[in-house]
Amino acid sequence: MLVSIFNGSPRREGNTSALVQQLAAALTARGAEVEIVPLFQLNVLGCNNCGRCQHERLPRHCSIDDDMLQLYPKYLASDVCVLASPIYMWQFTPCTLAFINRLHCLAQSSDFRYNEQKGRLLAAAITMGDEKEVADYAVGGLKEFCEFYSMKYLGDVRVDHADRDQILASGSDREIGALADRIIARGQS
């Protein structure tokens, strides 16, 4: 089973990256193959709403020629995708949002003549410098995204008042393990 973790943190050694490392270790220990994909270092533009993907099925999925074109195959090959991001101003990072927006081209949304999103499994790993509820807005949008495209949202792990050393010292092991268990159970069914 392949789990791809798309990490939208701008900090390679930050809190979210520590959470990603711990989640990847938990998934690997449970038998999953894990690929971590850093988004911040890539050139992924947001959707410009040109509409081409909604009128015709494009061979490379999107008309924008940037690094997202190399991410579609990774996303589609994954049994489960995890979006990892810190919360800045009640929302995922801009590169994470651009990634999510660009997944729109995988489904023709007016009549769903095609929908490569249907049945896909998605989860989230989130850090923040505040209470866990600060992520509710971002997670709510992600859940609506999943519902619209007939995807399954497997849940999330949220680390509030995030501290890299605490995350790496097993400060969130119970929550990370619970999410890893859900991912493995749903990804194998």
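The values are calculated or read from the model by the stated rules, or taken from the named source; none is laboratory data. Being a predicted model, the structure only gives us computed values, none of them experimental. Ideal geometry is used to build each Cβ from the backbone, glycine not excepted, and the neighbour counts take in all protein chains shown. Just so you know, the surface numbers come from the protein's heavy atoms only, side chains and all, with ligands and any DNA or RNA stripped out. Shrake-Rupley method; radii C 1.70, N 1.55, O 1.52, S 1.80 Å.
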Task: Top-ranked residue of the stretch 26-57 - restricted to ones that are of a type in the set (D, E, K, R) and not in a loop (DSSP other than H, G, I, E, B), ranked as farthest from LEU179 (Cα to Cα) - done: ARG52
Task: Residues of the stretch 8-29 that turn out to be open to solvent by less than 60 Å² (accessible area, probe 1.4 Å), farther than 16 Å from ALA124 by Cβ and without any contact (Cβ under 8 Å) to a residue 40 or more places away in the chain, as a count - done: 1
- [ ] Would you be able to say whether some residue in the stretch 112-127 is over 16 Å from the mean Cα position of the chain (by Cα), surrounded by 17 or more Cβ atoms within 10 Å (Cβ to Cβ) and hydrophobic (A, V, I, L, M, F, W, C)?
- [x] no
Task: Only one of SER78, SER17, SER63 that is among the small types (Gly, Ala, Ser) and touching a Cys at 6+ places or on another chain (Cβ under 8 Å) - done: SER63
- [ ] Sort out which residues of the stretch 142-189 are aromatic (Phe, Trp, Tyr) and either out of contact with any helix residue (DSSP H, G or I) (no Cβ under 6 Å at 6 or more places or on another chain) or open to solvent by 70 Å² or more (accessible area, probe 1.4 Å) (or both), and write them in order of number.
- [x] PHE145, PHE148, TYR149
TODO: Working only within the stretch 59-105, note down all residues that are of a type outside the set (S, T, N, Q), in a loop (DSSP other than H, G, I, E, B) and farther than 17 Å from ALA125 by Cα.
DONE: PRO59, ARG60, HIS61, CYS62, ILE64, ASP65, ASP66, ASP67
- [ ] Kindly establish whether ALA138 is crowded, with 20+ Cβ neighbours inside 10 Å, farther than 16 Å from LEU39 by Cβ and either without any contact (Cβ under 8 Å) to a residue 12 or more places away in the chain or small (Gly, Ala, Ser) (or both).
- [x] no
